[in-house]
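Please read the structure below before turning to the comments.
The values are calculated or read from the model by the stated rules, or taken from the named source; none is laboratory data. Since this is a predicted model, take the numbers as computed values, not measurements. Backbone-built Cβ (ideal geometry, glycine too); neighbour counts: all protein chains shown.
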Amino acid sequence: MSDTASSAPKPITSRFDPRFEPTLYAHVGVPGSHTLSYYRSHGGYEAASKALGLEPKAVVDEVKASGLRGRGGAGFPTGVKWSFMPPVDGRQRFIVCNADESEPGSFKDRYLLEDDPHQLIEGMLIAGWAIQATIGVVYVRGEYYHAYGRLAAAIDEARAAGILGRGVLGSEFDFDLILHRGAGAYICGEETALMNSFEGLRANPRLKPPFPAQAGVYGLPSTINNVESFCAAVHIVARGAAWHAAMGTDDSKGMKLYQVSGPVARPGVYEVPMGATFRELIMELAGGPSEPAKAIIPGGSSTPLLPWSDATLDLPMDYGTMAKHRSMLGTGGVIVIPERKCIVDAYYNVVRFYAHESCGKCTPCREGSATWLPKMYQKLLAGQGTHEDLALMEDMVKHMRGTAFCPLADACAMPVQASFEHFRHEYEHLVDQGESLYPRRREWAA
Amino acid sequence: MKVTVNGTVLELDPGTSAIDAVFAAGFDVPYFCSQPYMSPIGACRMCLARIGAPRKERDGSWILDESSGEPKVFYFPAMMATCTTAIMEGMVIDTLSKDVKDAQNAMVEFTLINHPLDCPVCDKGGACELQDRAYEYGTGRSRFVFDKRHQEKHHPLSALITLDRERCIHCKRCVRYFEEVPGDEVLDFIERGGHTYIGTLEDGLPSNFTGNITDICPVGALLDATSRFRGRNWEYDHTFTTSLDDASGSAIVVDARTGRIERIKSGLNPEVNKSWIDDGIRFGHEYADDPERLKRPLLRRGEGFEEVSWEEAAAFVAERLAGFSGKDVGVAIRADATLEEGVAARALAQHVGTGQLDHAPRHGPSLVPLHGATVLDVATADALLVLGDVTEELPALDLRIKDALKGVSPPELFAHGVPIADLRLKERMPRASERLAVVAPYRVDLMKYAGAAVQVPVAGEAAWLQAMAAVAHAQPADEAVLGMPRAEAESLVRAWREAQKPIMIVGGFVLASEAATEAAASLAKAVGFRQVLVPPMANGVGLEITQVLPSHARYDYQGMLGGSAKALVLSNLNPAVDPAVAERLRSCELLVVHDLFLTETARLAHVVLPGTSGYEKDGTMVSLEGRFLPVRAAPVDAGEARDLTGVVKALGEAFGQRLEGRSVRSARRVLRKELGFDPTELHRLGLLRELPRRRAIVSLNVRETVVGDSLRVPSLARPEYLGRNAHLRAALGGPALRLHPEDAAARGLRTGDEVVVPVDGVPRRLEVRVSDAVPRGVSLVPATPEAPAGPAAVALDDLVHERRALEVA
Amino acid sequence: MSSRQPLPTVTPFFADKQERLSEILARYPEYGRRSALMPLLWEVQRAERHVSEARVEEIAEILGLHATEVKGVMSFYGTYHEHPVGRYHLQVCRTLSCSLAGADTLADFLEDELDLVNGETDPEGRFSLQYVECLGSCGTAPVLQVNDTYFERVSRSRCRALLDAMRRDTLPEPTLERGGDNEPNAPDQEGGAA
Ligand SMILES: Cc1cc2nc3c(=O)[nH]c(=O)nc-3n(C[C@H](O)[C@H](O)[C@H](O)COP(=O)(O)O)c2cc1C
Ligand code: SF4
Ligand code: FES
Ligand code: FES
């Protein structure tokens, strides 16, 4: 925890700050929390009613002022994105929820969908009002069947209660949701691929511009956000922008759902204010590693790893700090890599994921991420790699970066580069010795 | 806008893509996925460049570079695909620096890792964009040491197109093509990522425009099945010419090798066919290479023929003709003869002194409309009324109609040609179907794209047109005839009247009838349509304006066959398919037939002269829009075959006369006087001319039929040659008898059955095709040059079942 | 236009499910009819455990598309199958967090126990085994998805019990696990990483 003294009230950057109170995940895990009656009994839909009493622009301004940045990975300011919508011109407008959560290490949205679906509905209703979209689309990844069912039931309940449909919550505003189920393709998380998928097309990303606000779903004005972003909007409207902005650091405001996986005592999702440190998250909340660790992946497998050290543990988990350390906050999906995991094997695993998920549209990704790079890893791991192979791999990932059509190839290349940067000795050991520094492990809980 | 490309400064229109800017500046940048006339998609990443642009302060002024005082150029953090980047004021594009070179090397290497590099056995070798680009922009080596992707190598996508999946580089040109150009989405990517391949579930790629994908495939993945393994690209002689398969004036390239035609590719004519041709034009050339082609003149000797020299044959004809009074001689030529051939035929008729001169097939009314429109007008029309089945009758027009529905005007050309990346074009663009109304006596393909589609009864066009004209004049009209509620008809008329550029396309069903043609003209006048009339054959317009016409209606082609001519010279016409006509021809005193094959008619002839195909002659044709286009002979071995000018030369020599039109050159001397320009000087893209309208020749030319309740329908494949175009026939099936499912069931007919059925009294061998596009009670049979599109009597009761289709399991 | 050979006739899947079909089509706006493509594929996949070519054609017909387009979309996704999967379709995540929790060993265990390799279905059609990528259950790894149900923190003993149950054609209720400080039950119940 950093403790800079200043006269203004100190921003909340620790979950242990007494002023901090969980909101997004306050009800996850509570039996029955997915029902409308539970939600209402905990103040549900009051924020939506409040928003409907404001001018749409006022809602957008509130979200802008809150400093909320998109929680889907890229961290684009949510209120600013909402303000990109063209003036109302009679065309149908859409608010879209990206519930395709598929980035390895990310699992925060799933529990929101399963245990607090009304929170999302309320968030989308608020956003729909703010951008004057009367149709919301929720694109849920195909594997989240339980979540899909919970959300479908919640939508039915909400319709029956007049929260969705004509004149929602007694207002003049019509709003309804279309629930759409994916079918196993990570690329559908990319916003334009998601729209293609929703429209019944192959889920290749689209050219940008035009951006979704100009031509999104069905070519009509659309805004897309992550599940967590919508949920955060509920509390921003309920408690005010200032409440939200009081948490976090200069460029990263509010609370965030961090996820911890890998060998720690208590893996799971933790809601903490932005700017909390890895130490707080991993050591204090998640109980620390259950065996010696050597690296931290800060925000999902596409974000470049950081070596495990006291210095790293003391880094605040915010957008700027991560960028400064040439990584990214991503989805906040922290993965702890144990000392005894061969880094080459770990990154083969990561690369295999992106190889499997490349859409195949563009050359560097189809031939690099999806074909050549995994083959190089296989060669290395088979003990047949050479130093030229390592040079080739570095050259290859260099040319996969910034050349592809969408960020998926970067997502594959960047973490590989970081693994070379911090763990070159493991690659070299494998080449020189023909076997990994850390042999493959067979542990599996009995 | 000012753009700087590698230091070269140039001014370009806003909206220009960076890739076109690079080419306009005289530099090259490699590309695979972009393709002129198709949407840029940025998939191959081959065209990357370093791009920068100045930025503005909040107050709108440029952010200046401290040291130079000029607007500061901010480079994009990553390299940009030039094909999908629009130029901006002050943009700086760099395609030469080391970074760019490195990226190009890398993209070439990526592209090649899964490419089989089987260039020595690949038909595309020598004309392969990948080969060229790898050579120019690659490092010449690959560091990929693994087994390449193995996929199907000889996959027949259809009878016409063979796919080698290993060679595919996923540029998506072919897949986009089907969606963007004909709008038939019959090909798609299957699977994803590294496993992606192209494929179809549609049997045989049902579209009339499949062959174009073999032109645009940058590698040897999609190949023309008629020419596979036939030659290397550098061995081909390329002849840039105009197709005589229909009246579109489509530019084609005939590739020949050692005296034979190996394949036909699309030529480029931005104002006509862009770079697309239909499958009939592309694959319909095999007949020219048929072993049964006549190579030498034949003279009748008793029951048989004897091969003779041209001199002998001509001497025989000249001597026999001398025995006739001039007016008893008839000369008739097929309507795909060139202007020069028309002049020759005319000269021959003049020499013998006959008014019995005609071309066939020909409609009664003139093919030059009062207010005509061009193909480009069609492509930019904002209201279209299509009467008939253009997709079959003149497929090139079908594609231009679809252009009009996209509403993107034809691009301005650069010095380097058609824009490589026209940023106005998008994948899956909306089509303004409300601009299109289609009227036909059965469900035609174009109706899928039409906002209004009306199926009229057979020969019901006149009534429909009159009814619409009545609506236009606010007079009563029968809704049953209109085929729609009056209010809808009124709103159609309103839309036509309000349109800036309303165009009516008139097909053969209407032109076959005087009344319908008149009704079409009246409706056109009433709402302000300009008209495009679809000639029944390639040079109908040209032969009309060069007056290859009878002096009197009773001397037209049908008149000649009916007995007005005692001696007949027929070029490429085969009336003896009709046994009744054959009977009459048997008693003809002199029958001279000029043709490619020993047709039914040629068998009855006294002299048979070997003719040339449309790929083997030089000349000029006039397309439906009045565009004069050059026809050029490809270097192929046609034996002693000659075109009509050659026939006239031989005859003239035998007469001891120097006839006009005894050579292409002498015919052009005549044409130059009549047309006011020399066709020799025609540019490849042709010359659009205002055309004279001819006096109406009330004609019997369209064979008089018992108006039946069935139809002869046009087909993109030339019916007279279908049997000799093996690949095309395999793709399309044989000449079809199309029936409604219930009519077929009632007679126990199934798709694939072979039958012989009298069509207007002429027994025809046809293949049954059951289709719900056909109305009940109507049979559709193919039109032929002898019996063009129009109503027909099909005597299903006299149908003979020749062979039944195999049972489907 | 070429002729299509008629396929052998099968009863259309939606012949007796018109109401369901209309309900699905009605979810989407008129101009977005094609959006129903994935839901329709799901209907067939769930009922028949695969989507046959005849069904592809049927869906194409319903939506006014070419069968090729339906196939292009269907084959893009990992969870529509061309060939039937078993009654218990076991999907093992082997991605990083699961791998760190023993997923590779779990996968080997399943291969050996069921005598299946990745992508296979046993001859009785009971089990299929498929390796999949991250299922969003990294905090409760390793995870085994059986048909549409997640089984999390799958230890060797849990896995055995699960297989035994499926061999008896019963599928137990999944345990509700959340990890972190949102465990529904006592925070220190069985679990945590190995
Ligand atoms: C390959 C790829 C995968 C993505 N996956 C997801 C995802 O699963 N969920 C998500 O919310 N955003 C994902 N994104 C980010 C979205 O494109 C988009 O930025 C986000 O949904 C916007 O929402 P936000 O502004 O609320 O973060 C992905 C982006 C890329 C390039
Ligand atoms: S980087 Fe290219 S191939 Fe990869 S997912 Fe994006 S568009 Fe598809
Ligand atoms: S990305 Fe293929 S040409 Fe530009
Ligand atoms: S890694 Fe297996 S669920 Fe995320």
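Would region A:384-397 turn up any residue that is within 16 Å of ligand 1 (Cβ to nearest atom) and modelled with pLDDT of 95 or more?
Of the residues in region A:384-397, the ones within 16 Å of ligand 1 (Cβ to nearest atom) are none.
The answer is no; no qualifying residue exists.
Summed over region B:122-141, residues that are assigned to a loop (DSSP other than H, G, I, E, B) and under 24 Å from B:Leu222 (Cβ atoms) total 8. Among residues of region C:80-95 being surrounded by fewer than 24 Cβ atoms within 10 Å (Cβ to Cβ) and among the hydroxyl-bearing types (Ser, Thr, Tyr), the one that is nearest to the other protein chains (Cβ to nearest Cβ) is C:Tyr80. The single residue among C:Glu183, C:Glu152, C:Glu133, C:Glu177 that is within 23 Å of A:Gln259 (Cα to Cα) and in contact with a His (Cβ under 6 Å, 6 or more places away or on another chain) turns out to be C:Glu133.
Within region B:1-51, restricting attention to residues that are surrounded by fewer than 18 Cβ atoms within 10 Å (Cβ to Cβ) and among the polar types (S, T, N, Q), which residue is nearest to ligand 3 (Cβ to nearest atom)? The residue in question is B:Asn6. Kindly indicate whether any position in region A:152-174 is more than 16 Å from ligand 4 (Cβ to nearest atom), under 28 Å from C:Lys71 (Cα atoms) and at pLDDT 95 or above. Yes; the residues of region A:152-174 include at least one that is more than 16 Å from ligand 4 (Cβ to nearest atom), under 28 Å from C:Lys71 (Cα atoms) and at pLDDT 95 or above.
Taking the conditions (1) more than 16 Å from ligand 1 (Cβ to nearest atom); (2) within 21 Å of B:Pro218 (Cα to Cα) in turn, B:Thr4 satisfies each one other than (2). Taking each residue of region B:190-210 that is under 16 Å from C:Met74 (Cα atoms) and looking for partners that are among the acidic types (Asp, Glu) and part of a loop (DSSP other than H, G, I, E, B) with beta-carbon atoms closer than 8 Å, six or more apart or interchain, yields B:Tyr197/B:Glu191. Within the set B:Gly204, B:Gly249, B:Gly193, B:Gly211, the sole residue that is within 14 Å of chain C (Cβ to nearest Cβ) and either among the polar types (S, T, N, Q) or in contact with a Gly (Cβ under 7 Å, 6 or more places away or on another chain) (or both) turns out to be B:Gly193.
Taking the options C:Tyr28, C:Tyr77, name whichever one is within 7 Å of another protein chain (Cβ to nearest Cβ), within 24 Å of A:Glu357 (Cα to Cα) and buried (at least 20 other Cβ atoms within 10 Å of the Cβ).
Numbers: C:Tyr28 fails: within 24 Å of A:Glu357 (Cα to Cα).
Exactly one residue qualifies, and that residue is C:Tyr77.
For the residues A:Ile163, A:Ile155, the requirement of being farther than 24 Å from C:Cys93 by Cβ, β-branched (Val, Ile, Thr) and without any contact (Cβ under 8 Å) to a residue 60 or more places away in the chain singles out A:Ile155.
Regarding B:Ala335, is this residue under 23 Å from the mean Cα position of the chain (by Cα) and not assigned by TED's automatic domain parsing to the domain that holds B:Glu660? Judged against the criteria, B:Ala335 is not a match. Criterion applied to C:Glu61, C:Glu53 was being more than 11 Å from chain A (Cβ to nearest Cβ) and more than 30 Å from B:Pro735 (Cβ to Cβ), and the one residue passing it is C:Glu53. Any residue in region B:99-110 that is within 14 Å of chain A (Cβ to nearest Cβ) and within 16 Å of ligand 1 (Cβ to nearest atom)? No. Scanning region A:358-383 for residues being within 13 Å of ligand 1 (Cβ to nearest atom) and more than 7 Å from chain B (Cβ to nearest Cβ) gives a total of 2.
Looking only at region B:42-69, count every residue that is more than 22 Å from B:Val3 (Cα to Cα) and within 16 Å of ligand 2 (Cβ to nearest atom) and tell me the total. Can you show your working first?
Of all residues in region B:42-69, those more than 22 Å from B:Val3 (Cα to Cα) come to B:43-44, B:58-59.
Filter once more, keeping what is within 16 Å of ligand 2 (Cβ to nearest atom): B:43-44.
Within region B:42-69, residues that are more than 22 Å from B:Val3 (Cα to Cα) and within 16 Å of ligand 2 (Cβ to nearest atom) number 2.
Quick test for you: out of B:Lys295, B:Lys274, pick the one residue that is more than 16 Å from B:Ser248 (Cβ to Cβ) and among the basic types (Lys, Arg).
Values: B:Lys274 fails: more than 16 Å from B:Ser248 (Cβ to Cβ).
Result of the check over B:Lys295, B:Lys274: B:Lys295.
B:Arg362 meets the conditions (1) touching a Gly at 6+ places or on another chain (Cβ under 8 Å); (2) modelled with pLDDT of 95 or more; (3) surrounded by 19 or more Cβ atoms within 10 Å (Cβ to Cβ) in every case but one. The failed one is (2).
Can you tell me how many residues within region B:726-744 are small (Gly, Ala, Ser) and in contact with a strand residue (DSSP E or B) (Cβ under 8 Å, 6 or more places away or on another chain)? Don't jump to the end; show me each part of the working.
Within region B:726-744, the subset small (Gly, Ala, Ser) is B:726, B:730-731, B:733-734, B:736, B:744.
Those left that are additionally in contact with a strand residue (DSSP E or B) (Cβ under 8 Å, 6 or more places away or on another chain): B:733-734, B:736, B:744.
So the count comes out to 4.
Would it be correct to say that B:Lys327 is in contact (Cβ under 8 Å) with a residue 24 or more places away in the chain and surrounded by fewer than 17 Cβ atoms within 10 Å (Cβ to Cβ)? So B:Lys327 passes the test.
Against the definition (in contact with a strand residue (DSSP E or B) (Cβ under 7 Å, 6 or more places away or on another chain) and surrounded by fewer than 22 Cβ atoms within 10 Å (Cβ to Cβ)), how does A:Gln92 come out, yes or no? Yes, satisfied. Within region B:497-516, the set of residues being under 21 Å from B:Ala470 (Cα atoms) and over 24 Å from the mean Cα position of the chain (by Cα) comprises B:Arg497, B:Glu498, B:Ala499, B:Ser513, B:Glu514, B:Ala515, B:Ala516. Among the residues here, A:Arg150 does not qualify as surrounded by 24 or more Cβ atoms within 10 Å (Cβ to Cβ) and in contact with a Pro (Cβ under 6 Å, 6 or more places away or on another chain).
Within region A:2-31, which residues are among the small types (Gly, Ala, Ser) and modelled with pLDDT under 95?
Within region A:2-31, the subset among the small types (Gly, Ala, Ser) is A:2, A:5-8, A:14, A:26, A:29.
A:Ser2, A:Ala5, A:Ser6, A:Ser7, A:Ala8, A:Gly29 - these are the residues of region A:2-31 that are among the small types (Gly, Ala, Ser) and modelled with pLDDT under 95.
For A:Ala127, the conditions (1) within 14 Å of chain C (Cβ to nearest Cβ); (2) aliphatic (A, V, I, L, M); (3) over 18 Å from the mean Cα position of the chain (by Cα) are fulfilled apart from (1). Of all residues in region A:385-409, those being in contact (Cβ under 8 Å) with a residue 12 or more places away in the chain and either within 9 Å of chain B (Cβ to nearest Cβ) or more than 14 Å from ligand 2 (Cβ to nearest atom) (or both) number 16.
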